[in-house]
Amino acid sequence: MNAPTPHTAHATRGKPIAFVSAEALRERVHEAINDDHLRSSFRGAMDFLMAKRAAQFPDESELVSLRSLSEAIRQYSLSKLPDLLEQLEANLTRNGVHVHWAETPDEANAIMLDIARRHQAKLIVKGKSMVSEEIEFNHAMEAAGIGALESDMGEYIVQLAGEKPSHIIMPAIHKTKEQIARLFAEKVPGVDYTDNVDALIQIGRQVLREKFEQAEIGLSGVNFAVAETGTLCLVENEGNGRMCTTVPKVHIAITGIEKVVEKLEHVAPLYSILTRSATGQAVSTYFNLISGPRKADEKDGPQEVHLVLLDNGRSQAYADEQLRKTLQCIRCGACMNHCPVYTRIGGHAYGTTYPGPIGKIVSPHMMGLEQTHLLPTLSTLCGACGEVCPVKIPIPELLVRLRGEAQSAPHPHPAMVGQGAGYRPLVSFVWRLWARIYAQPGAYRAFTWLASRFRALTPSRQSGWTVARTPLKPAPKRLRDMVRERV
Amino acid sequence: MSVPLVSAGEHPVRAYPPRPQAVYFYGTCLVDLFVPEAGMDAITLLEREGIRVIFPDNQTCCGQPAFSSGFPDEARQVAASQLDLFPEDYPVVVPSGSCGGMIRWHWEKIFADDPARYAQAKAIAERTYEFAEFLLHVVGFNRPDQGEPTTVTLHTSCSARREMGTHLVGRELLAKLGNVTLAHHGHESECCGFGGTFSLKHPDVSTAMVTDKVAALKATGASEVVTADCGCLLNITKRAAKEDLDAGRVKASLPGEHLATFLLRRTGGQASGSN
């Protein structure tokens, strides 16, 4: 699965890229929650997306069967992942695509830098790719003096602002049109302030149109990689993906190793449930099927196509039967749209490439639990994410598992990097004590009798509870007392 | 906006047994110590229907607080102490969706490596019912409303909605009361922000969620909120009480009670109300 290639030989093994430390999470959350503007814009946007998705599934039984089929396809694909990856590599190679394997973000960037240098590239124009965000591709290229320009409108806005995407499908959802208007007037040469959305889109298109012609390399993500045919599928709405993958003479696609499916026919249901779950569209405006560079008798298309397959912790998740389910994800973003926590804090507060519920379960294996151990706790386990997930990832169950991995005492043979990073001896002691009392009915009765009898001594400050609520106070009579006294 | 009521949950359909002679009542630790009247009123409702209610005195907790906090060993110890409390083949009735969900779906996970206990846990899980679900579908509750006309609003817990699949039960029970109008609130299917230890670990987010929930419930103009889960009930009513306190209001702006208490009061029963 991690076949070394000449391109990875000189790559350095870097640490996973850190965005926000676990401790800083609380500060970010605190800031976000007190930002009224952010709160109302996310609420409005998420309400809109929830309604759009709901309108796509008027027939619940169709949704139930499509979710089951989609889950089965993803689980089937993962069950054969090593074989499918080899098959994919063989068929892509036969189609004339160069396949590269990268274990870490550094390796992936080194591979692509190598390609860029061989072509003396000065500018890489990018279609939307969350994996490129995951490896901080733009920074890596810029550090080497190569421009990397986002061509997806949302990503372009975020890049202009020097920010990161706040949503995996709608990267600039946190920005109002007025903020975008000011940003364009400030950063795009020769542009006057306008908050007319159509005019803003036209400005973006004009800037980008020129860049497609200048760029030596186009970069894209991949939604589904089909092993049997050696085909890369790319879902998009703006046409920039098609431009990036056809206009420059070199196309580099990058994706995680989990995106492979066996057959072309497996793509159709996944594609349908992806667009309906993500943006509430029956189909996307563009659906690109890429199966190789331009052939001798063809007039257009790239002369060279590369695929970079990134691991970055995915094989660690793959090795564990339960955590493997995180790899079923098709990156639709429905879990964040329906998440009451995401709706209130937005995507940036998480401090990870992938925010929201899916981010809480994939970031730990990408970044290690040292930096992410608080993320799984940032959930009420309400289950809204699991309910809408198009491939039925049991997100709440995985959050509970990761809470356990984070908080239990460090294990000599951990299932994941950073296991035990959230271990607090005092907290563990309190839970052990709790179990001692609650597992012995006599001790429990004594404890609750005391709590009820001496209820006047109940502390009036109860940690996070009394920040916004009146204190909890034991009742004068317990249920068991009332039951005993009933006639 | 309106969120579709129908849940695409995993367990939407359940076959119900005929009305039994007796049931085990599993009160839950939260009800035992903090909202005992909810448990007592649920027991009274069942007994009034001629069902014998057995309250195993050695009951403590289902283990859910530890389980959902990432301490499965502690959860297992506590749950193991509860496995012998239900020897007869009677239904186990739990006045809480989250504790019901723990017994019904998660006990089998924590005992997965212990065949004897797994079998025991699984057998109990299969005869465990959330109280409101049991009252509607097994008991066939249908008593005339004796109260004055009133408007209430209903909060359904996430575990009732998404784990137990009983999200419509509260509505159906209230619909049986002729003088009660149910006012729906905005974002009805959204969590109230309790989440057990979440409310302690992330007070900022929890506060934002419960404040929004209280505002949505109040905006209905209903005279009170009813819910079949005491975790949500305490979260919502204690938040509303804090708002009243901060605003210097004496009269509660959003009183709340457990669905069992409300149903008992409305149908001529004597509610145990101590708090």
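The values are calculated or read from the model by the stated rules, or taken from the named source; none is laboratory data. Just so you know, these numbers come straight off a predicted model, no measurement behind them. Every residue, glycine as well, gets a Cβ built from its backbone with ideal geometry; the counts of neighbours run over all protein chains shown. Accessible surface areas use protein heavy atoms only, side chains included; no ligands, DNA or RNA. Shrake-Rupley method; radii C 1.70, N 1.55, O 1.52, S 1.80 Å.
Quick look at the numbers
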read-out: The range A:76-234 - convex hull of alpha carbons, volume per residue in Å³; value: 135 Å³
read-out: Size-normalised alpha-carbon gyration radius of the range B:49-141, reference 2.2 N^0.38 Å; value: 1.07
read-out: Solvent-accessible area, 1.4 Å probe, carbon plus sulfur percent, for the range A:93-164; value: 50 percent
read-out: Accessible surface of the range B:22-138, 1.4 Å probe, proportion on carbon and sulfur as whole %; value: 50 percent
read-out: Tilt relative to chain B, helix B:203-218 - C-alpha long axis, 0 to 90 degrees, to 10; value: 60 degrees
read-out: Helical mean residue ellipticity (222 nm; -39500 (n - 2.57) per DSSP H run of 4+; nearest 500) of the protein assembly as shown; value: -13000 deg cm²/dmol
read-out: Pairs of Cα atoms farther than 22 Å apart, the range A:329-487, %; value: 58 percent
read-out: Highest to lowest packing among B:229-241, A:206-218, scored as the average C-beta count within 10 Å; value: B:229-241, A:206-218
read-out: Counting all C-alpha pairs of chain B, share separated by more than 35 Å (%); value: 14 percent
read-out: Semi-axis lengths (Å, descending) of the ellipsoid that matches the C-alpha gyration tensor of the range B:184-275; value: 23, 15, 14
read-out: Cα centroid of the range A:403-471 to Cα centroid of the range A:301-346, whole Å; value: 33 Å
read-out: Across A:LYS52/A:LYS360; A:LYS128/A:LYS249; A:LYS175/A:LYS360; A:LYS52/A:LYS187; A:LYS122/A:LYS295; A:LYS295/A:LYS392, pairs whose alpha-carbon gap is larger than 30 Å; value: A:LYS52/A:LYS187; A:LYS295/A:LYS392
read-out: With all protein chains modelled, accessible area of A:ASP83 [1.4 Å, Å²]; value: 100 Å²
read-out: Loss of accessible area when A meets B, both sides summed, Å² nearest 100, probe 1.4 Å; value: 6100 Å²
read-out: Solvent-accessible surface (1.4 angstrom probe) belonging to A:ASP320, in square angstrom, nearest 10; value: 30 Å²
read-out: Peptide ranges A:330-340, B:261-271 listed from the most packed, as the mean C-beta count within 10 angstrom indicates; value: A:330-340, B:261-271
read-out: Whole-number Å³ per residue for the convex hull built on Cα positions in the range A:426-485; value: 102 Å³
read-out: Protection proxy ranking of B:184-194, B:97-107, A:37-47 - average other beta-carbon atoms within 10 Å, highest first; value: B:97-107, B:184-194, A:37-47
read-out: For the range B:121-275, Kirkwood radius (reciprocal of mean inverse C-alpha pair distance, Å); value: 16.3 Å
read-out: Taking chain A and dividing mean pair separation by its residue count, relative contact order in percent (alpha carbons under 8 Å, at least six apart); value: 19 percent
read-out: Linear extension gain, A:ARG484 paired with A:VAL427, 0.36 nm per residue minus alpha-carbon span; value: 17.0 nm
read-out: Number of partner chain Cβ atoms within 10 Å, mean per residue of B:25-34; value: 5
read-out: Accessible area (Å², per residue) of chain A, counting only protein heavy atoms and a probe of 1.4 Å; value: 41 Å²
read-out: Cross-link partners of B:LYS242 among lysines (Cα-Cα below 17 Å; sequence separation of 8 or more within a chain); value: A:LYS473, B:LYS213, B:LYS218, B:LYS251
read-out: Whole-percent pair-distance distribution, where bins are 5 Å wide, for the alpha carbons of the range A:168-222; value: 4, 16, 22, 22, 18, 14, 4, 0
read-out: P(r) weight above 16 Å for the range A:354-419, C-alpha pairs, percent; value: 41 percent
read-out: Calculated over chain A: convex hull of Cα atoms, volume per residue (Å³); value: 183 Å³
read-out: Carbon + sulfur, % of accessible area of the range A:375-444 - ligands and nucleic acids excluded, 1.4 Å; value: 65 percent
read-out: Peptide-level mean, for A:372-383, of C-beta atoms on other protein chains within 10 Å; value: 6
